[in-house]
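Peer 1: Pasting a structure below so you can have a look.
Each reported figure results from applying straightforward, stated rules to the coordinates on display, with no laboratory input. None of the values given here were measured: they were computed from a predicted structure. Cβ placement follows ideal geometry from the backbone for every residue including glycine, while neighbour counts extend to all protein chains displayed.
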Amino acid sequence: MNISALLEVLEVYFEAFAERDPIRRNELLAQCLTPDCAIWGHSHVYAGYVAISDKIAGFHTNFPDCRLVLASGLMAFDNIARSANAIVRRDGSLVARGETVSEIAPDGRLCRIVLLWDADLPPIPDSWPAHLAVHPLPKVRSAEQHFLDFDTGARNDSDRPVPLWCGSLGER
């Protein structure tokens with residue numbers, strides 16, 4: 001995989017997610033995504049330019065001063081790429097971080113995107129054989145850290161994270 005070419009596609013992808021004009025956003029999506037591209041979130045799949053563009057518009061409403069940004073270099077193998085991403089406010093402060101695993105189509109555009117936002121995995125079931133498991137150490141959360149529901153913009157200050165998904169960003 002040519003990382004430079006993939007970074008060019010990702011640049012268009014991030015610009016599409018920042019674009020507020022639906023006509024221009026759809027033009028950008030067509031440049032970086034295949035027509036049947038699907039973004040897989042925590043609880044929903046957004047497939048095709050119209051659904052992805054609508055999700056972006058909804059996010060702009062819920063988070064008007066935020067933007068999706070690349071937060072790491074790329075790990076790539078064959079036609080799969082993994083990277084960190086973040087949602088930042090206009091002043092650059094962090095709203096959330098996550099990872100993205102993307103499938104690259106033969107033409108170099110993205111054809112499947114799996115978003116993994118700040119979501120903690122559930123515990124191992126009690127019925128799982130102990131010799132096939134290791135129990136993770138508990139996470140410590142800072143007083144400033146909050147879990148957000150990216151579909152509604154709601155903040156959850158409890159110890160349990162809400163399911164997260166994000167597919168877009170706000171103004172530049």
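Peer 1: Which of Leu33, Ile56, Ile80 sits farthest toward the positive end of the charge dipole of the stretch 1-117, with +1 on the Cβ of Lys and Arg and -1 on the Cβ of Asp and Glu?
Peer 2: Ile56
Peer 1: Percent of Cα-Cα pairs per 5 Å bin, from 0 to the last occupied bin, for the stretch 1-147, please list those.
Peer 2: Result returned by the calculation: 2, 8, 16, 20, 18, 14, 9, 7, 4, 1, 0.
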